[in-house]
Amino acid sequence: MKYSKKHFFSRAYKIPQIRFEDQKLTSFSGLIIFHPLFQQLDLKERLRQCFRHLHVSEIIGHHVIMMLLIIHLLLGFRRLRDMDYYKDDPLVKRLLGMKRLPDVSTVCRALKSTDLKAILKIRDLNRQMVIERLKKTNLSRLTADFDGSVLSTSRKAEGTAVGYNKKKKGARSYYPLFCTIAQTGQVFDFYHRPGNVHDSNGAREFIHQCLSLLKQELPGIIMEVRMDSAFFSQEIVTLLDQESIEFTLSVPFERFAELKSMIENRVRWRHLNNRWSYFETPWKPKKWPEKFRFVFIRQRCKEIQKGPIQLDLFIPLEYGYAYKVIVTNKRISAKKILVFHNGRGSQESVFGELKSQSQLDYIAVKKLSGNQCYMIAAIFAHNLNRELQMATWDRDRGTSEKRTPLWNFHELKWIRHRYIQRAGRLTAPQGNLTLTMSGNQAVKQGLFEFLDALKMAA
């Protein structure tokens, strides 16, 4: 149908007057899709159990504060003070089961009074929720990635320290170690550390704890682990091999003169494609009791030109080689080992989404336990976003060589911009609670897709 010009344009010169009054208006109508998800997971009651041991006299319990933080991050806010901008929102109140939201000072006091026992219980709850999803997914293989990520701050918070910080040199930071699940892109657990420790600090015990729990809860599943060179040690490699866990670890071959000489003296490299070539050999460092499979990989790449750059398109490019070594107990081809190990880069995208969408990198308060609570809330927000999509849509792919996530996940900002941040009005005609939104067909279709899927899963 063809429209005329008058159907598109209208005269609008006068600026309307502004009036503020309570009319049960919400700016976040799309939060309605998380209401049935929270009920299915019984999230509020499970959080209540995590804080039951804290004998406090406050009217508002710690579990409500934790729920508020999760919703705060789902909405896209960062600073605690930003709660003032939605404290009168009726849909946020309903989701929390409250008539009045707590003040920011109340939230800060609750974070300050949280103890280590509560943190451990919340971590356990997060692990159990991820395991529940993995049981529904029916995987034959499960891939766990381990790595640390720097969380910087400009203030002096408890537990922070000055350490390696590539982006903000000299800044105080935390350096937690994370375990993520490649197939679902969820954070399984974390180990909190100050910023001045090495990547491998406390890693063996944390890795063993995570893998033991996964093997116990998911019997018969084939476990796989990928890690970078910071975790290369006899203790970790031996642990993984003894537990019958398939692994690939990058090797810091610069520390071993033997490996360097083996690469320099190698004449024949097996061809994978125009870019990659390899050779492999059983080898061990001198003090190790047994040999493992070491795969030496060579990548053909452009050499960086040093000195002044000439703006001439006809200067021929010079090519050189970049090398890396992978130790593994997998019994597959070197090409598949390379593809599998390079798939570890998907964990960096998870970290990027956690920091940009769930505010993982924000240090909220000065107290260590409060900052750990805020970080767990960020992890919950990320995992709940993934859980919502997995509960709604079928898998997009099977298990790939790179162990790409089984769903084409959308970032939290995608759901936030399309559905959550929608104006609406809560009314009760004839006693029936009703949320009224604008008649946008795309929003209507998307919201009912989520709600219908969650209703069927209930």
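What's the Cα-based Rg to Rh of region 55-128, Rh via Kirkwood?
On the way: Rg = 12.6 Å, Rh = 13.2 Å.
On the Cα set of region 55-128, Rg over Rh gives 0.96.
Provide, as a two-decimal number, the C-alpha radius of gyration of region 411-458 over 2.2 N^0.38 Å, N being how many residues it has.
1.30
Fully extended, how many nm does the chain gain between Arg418 and Glu217 (0.36 nm per residue separation, minus their Cα-Cα distance)? Please report the intermediate quantities before stating the final value.
Values: separation 201, 0.36 × 201 = 72.36 nm, distance 3.63 nm.
Difference between extended and current length: 68.7 nm.
Going by a ≥ b ≥ c, the root eigenvalues of the Cα gyration tensor, does region 123-280 fall in the rounded group (a/c under 1.5), the prolate group (a/b larger than b/c) or the oblate group?
Details: a/c = 2.08, a/b = 1.12, b/c = 1.85.
Oblate shape, in that a/c is at least 1.5 and b/c is the bigger or equal ratio.
For Arg48 and Gln445, what is the calculated FRET efficiency with R₀ set at 41 Å and r taken between the beta-carbons, to the nearest 0.05? Mind dumping the intermediate values first?
On the way: r = 36 Å, r/R0 = 0.87.
Efficiency for this residue pair is about 0.70.
Based on the alpha carbons, how large is the Rg to Rh ratio for region 53-187 when Rh follows Kirkwood? It would help to have the intermediate numbers written out before the result.
Details: Rg = 18.0 Å, Rh = 17.8 Å.
Checking Rg against Rh, the ratio lands at 1.01.
Compute the relative contact order of region 400-456 as a whole-number percentage, counting only Cα pairs closer than 8 Å that sit 6 or more residues apart in sequence.
Normalised by residue count, the contact order of region 400-456 is 23 percent.
Could you tell me which of rounded, prolate or oblate describes region 322-458, using a ≥ b ≥ c as the square roots of the eigenvalues of the alpha-carbon gyration tensor, with rounded for a/c under 1.5 and, failing that, prolate when a/b is larger than b/c and oblate otherwise? Please list the in-between numbers first.
Values: a/c = 3.05, a/b = 1.69, b/c = 1.81.
Because a/c hits 1.5 or more and a/b fails to exceed b/c, region 322-458 counts as oblate.
Give the residues of region 279-294 whose amide nitrogen is closer than 15 Å to a point set 7 Å from the Cα of Lys335 in the direction of its Cβ.
279
If packing is taken as the mean number of other Cβ atoms within 10 Å per residue, what is the order of 101-114, 416-429, highest first? List each step's numbers first, then the result.
Numbers: 101-114: 18.4, 416-429: 15.5.
In decreasing order of mean packing, 101-114, 416-429 become 101-114, 416-429.
What FRET efficiency, computed as 1/(1 + (r/R0)^6) with R0 = 30 Å and r the Cβ-Cβ distance, is obtained for Arg81 and Lys117, rounded to the nearest 0.05? Kindly include the intermediate steps, with their values, before the conclusion.
On the way: r = 29 Å, r/R0 = 0.95.
It comes to 0.55.
If we sort 275-284, 223-232 on the protection proxy, mean other Cβ atoms within 10 Å, highest first, what's the order?
Values: 275-284: 15.3, 223-232: 20.7.
With the highest mean Cβ count within 10 Å placed first, the list reads 223-232, 275-284.
Pairs of Cα atoms under 8 Å, at least six residues apart: use those to get the relative contact order of region 123-208, whole percent.
Working: 133 pairs, mean separation 25.5, N = 86.
Over region 123-208, the number comes to 30 percent.
How much of the calculated P(r) for region 153-216 lies past 21 Å, in percent of all Cα pairs? It would help to have the intermediate numbers written out before the result.
Details: 700 of 2016 pairs.
Counting every Cα pair in region 153-216, those more than 21 Å apart make up 35 percent.
With the Cα gyration tensor of region 28-93 giving a ≥ b ≥ c as the square roots of its eigenvalues, does the rule (a/c under 1.5 for rounded; else a/b larger than b/c for prolate; else oblate) give rounded, prolate or oblate? Please list the in-between numbers first.
Numbers: a/c = 2.20, a/b = 1.28, b/c = 1.71.
Oblate, since a/c reaches 1.5 and b/c is not below a/b.
For a quick protection proxy, order the peptides 14-25, 29-40 by their average other-Cβ count within 10 Å, most packed first. List each step's numbers first, then the result.
Working: 14-25: 7.4, 29-40: 19.2.
In decreasing order of mean packing, 14-25, 29-40 become 29-40, 14-25.
Take each complete run of DSSP H in the chain, measure how far its Cα atoms stretch along the helix's own axis, and keep only those covering 30 Å or more with mean Kyte-Doolittle hydropathy at least 0.0; list them.
On the way: long enough: 116-137 (32 Å, -0.33); 368-392 (36 Å, 0.19).
Qualifying helices: 368-392.
Mind giving me the FRET efficiency for Val104 and Asp396? R0 is 41 Å, r the Cβ-Cβ distance, nearest 0.05 is fine. Could you put the intermediate results ahead of the total?
On the way: r = 41 Å, r/R0 = 0.99.
Working from the Cβ atoms, E equals 0.50.
Relative contact order of the chain: what whole-number percent is it, with Cα pairs under 8 angstrom and at least 6 residues apart? Intermediate results must be reported in sequence, preceding the final value.
Values: 644 pairs, mean separation 95.8, N = 458.
Normalised by residue count, the contact order of the chain is 21 percent.
When each pair of different Cα atoms in the chain is counted once in the 1/r mean, what is the Kirkwood radius in angstroms, to one decimal?
25.2
Using the Cα atoms of region 321-388 to build a convex hull, what is its mean projected area in square nanometres?
Details: hull surface 31.1 nm².
Seen from a random direction, the Cα hull of region 321-388 projects 7.8 nm² on average.
FYI, it's all coordinate maths here, none of it is from the lab. These numbers were taken from a predicted model, which means no experiment stands behind them. Here Cβ is always computed from backbone atoms with ideal geometry, including for glycine, and neighbour counts include all displayed protein chains.
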